[in-house]
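Take a look at the structure below.
The values are calculated or read from the model by the stated rules, or taken from the named source; none is laboratory data. Quick caveat, the model's predicted, so the values are computed rather than measured. We place every Cβ from the backbone using ideal geometry, glycine too, and count neighbours over all the protein chains shown. What goes into the accessible areas is simple: the full protein's heavy atoms, side chains included, and nothing from ligands, DNA or RNA. Shrake-Rupley method; radii C 1.70, N 1.55, O 1.52, S 1.80 Å.
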Amino acid sequence: MRIDVFTLFPAMFLGPLQESILKRAQERGTLAIYLHQIRDYAFDRHQMTDDLPYGGGQGMVMRPEPIFRAVQSVIGAAPTPIVLLSPQGRQFTQAIARDLAQEPRLAFICGHYEGIDERVREHLVTDELSIGDYVLTGGELAAMVVIDAVARFVPGVLGADEGAEDDSYASGLLEGPQYTRPATFGPWEVPAILRSGNHAAVARWQRRMALKRTLERRPDLLQQATLSDEDGRTLTEISADLTEPDAG
Ligand code: ADE
């Protein structure tokens with residue numbers, strides 16, 4: 001997958017994109033990420049990328065010309081979703097990450113200052129995403145979040161044993177507790193069932209714990225999750241346990 005990022009602050013991306021899994025994916029050629037400085041596409045001598053808002057109001061607004069020029073000269077006619085990051089976008093989710101990962105190319109425009117000229121939204125951008133109901137200083141951190149979540153679904157980015165399809169949210173449930181060695185750490189033991197070697201019993205326990213955690217922390221997710229009849233019975237049992245007053 002090829003990703004083009006249009007930003008006034010390309011240096012913000014250098015740390016996050018040059019470590020760990022994203023670094024490895026770029027070295028292998030599974031992922032190619034290009035950073036473009038919007039300022040380089042400004043027409044005027046002062047390379048102005050922002051200006052006062054028409055109608056008055058606080059702060060500066062990003063001018064449309066450098067952004068159009070940058071995106072059009074880099075993307076050309078290649079069919080590419082052009083995603084604006086802004087708090088006004090639709091809420092980014094794991095399902096959107098999976099959809100975007102199907103595209104051979106993606107482009108991200110990072111908004112800054114008080115906003116971006118509306119003509120960018122109307123005539124250039126094809127999608128607008130928000131990563132949550134809070135306001136960041138700019139779209140850069142949001143773009144990194146989206147790139148990271150999308151990259152996990154690009155074939156070859158994760159190793160064979162770390163597929164994006166079996167983690168939290170992919171199944172529609174939160175993951176249950178995980179343990180590693182030592183089996184005994186101070187007074188705390190790893191649950192015996194995990195060490196029993198009984199794979200079917202372990203799988204049932206893990207499913208039960210995932211259902212329990214989701215019910216306790218994010219009951220809203222259960223509405224969308226794909227649940228079996230067995231899951232339904234387990235949830236009924238867990239709810240009964242949770243509502244019963246402590247015996248003893
Ligand atoms: N820019 C500023 N805040 C943002 C948010 N929550 N999501 C995406 N882009 C943003």
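For the chain, leaving out every one of the chymotrypsin sites (Phe, Trp or Tyr not before Pro) that falls in a DSSP loop and has at most 11 other Cβ atoms within 10 Å, the longest unbroken run is 135-248. A 1.4 Å probe, protein heavy atoms only, puts the accessible area of R105 near 50 Å². Here the dipole of the chain is about 580 debye; that uses its Cα centre as origin and unit charges on the Cβ of Lys and Arg (positive) and Asp and Glu (negative).
For the chain, the solvent-accessible area works out to 59 Å² per residue, with a probe of 1.4 Å and every protein chain left in place. Proximity of backbone amide H atoms, modeled 1.01 Å from N, is registered between G111 and L85, G139 at under 5 Å, excluding neighbours fewer than 5 places apart on the same chain. Per-residue 3J(HN,Hα) values for region 217-223, derived from phi via the Karplus relation 6.51 cos²θ - 1.76 cosθ + 1.60 with θ = phi - 60°, read 9, 9, x, 4, 5, 5, 5 Hz in sequence order (x marks Gly and Pro). Per-residue 3J(HN,Hα) values for region 43-52, derived from phi via the Karplus relation 6.51 cos²θ - 1.76 cosθ + 1.60 with θ = phi - 60°, read 6, 7, 4, 8, 6, 6, 10, 9, 7, 5 Hz in sequence order (x marks Gly and Pro). Please report, as a whole percent, how much of the solvent-accessible surface of region 2-151 comes from carbon and sulfur atoms (probe radius 1.4 Å). Reported share for carbon and sulfur atoms: 52 percent. For region 184-243, taking Cα atoms only, Rg and Dmax work out to 13.4, 39 Å respectively.
The GNM of the chain, with springs linking C-alpha atoms under 10 angstrom apart, assigns the highest mean-square fluctuation among P191, P219, P16 to P191. Remark: the S196-T137 segment gains 16.2 nm on full extension, using 0.36 nm per residue and subtracting the alpha carbon distance. In this structure, the amide hydrogen of G176, modeled 1.01 Å from its nitrogen in the peptide plane, lies closer than 5 angstrom to those of A210, counting only residues at least 5 positions away or on a different chain. For region 141-158, putting each phi into the Karplus relation 6.51 cos²θ - 1.76 cosθ + 1.60 with θ = phi - 60° gives couplings of 4, 5, 4, 5, 4, 5, 4, 4, 5, 5, 4, 4, 8, 6, x, x, 6, 8 Hz, in residue order, rounded to whole numbers and with x for Gly and Pro. Here is how the number arises for the chain: DSSP H runs of 4 or more residues each give -39500 (n - 2.57), the sum is divided by the residue count, and the result at 222 nm is -10000 deg cm²/dmol.
Ratio of the chain's C-alpha Rg to 2.2 N^0.38 Å, to two decimals?
Details: Rg = 23.2 Å, N = 248, 2.2 N^0.38 = 17.9 Å.
That ratio works out to 1.30.
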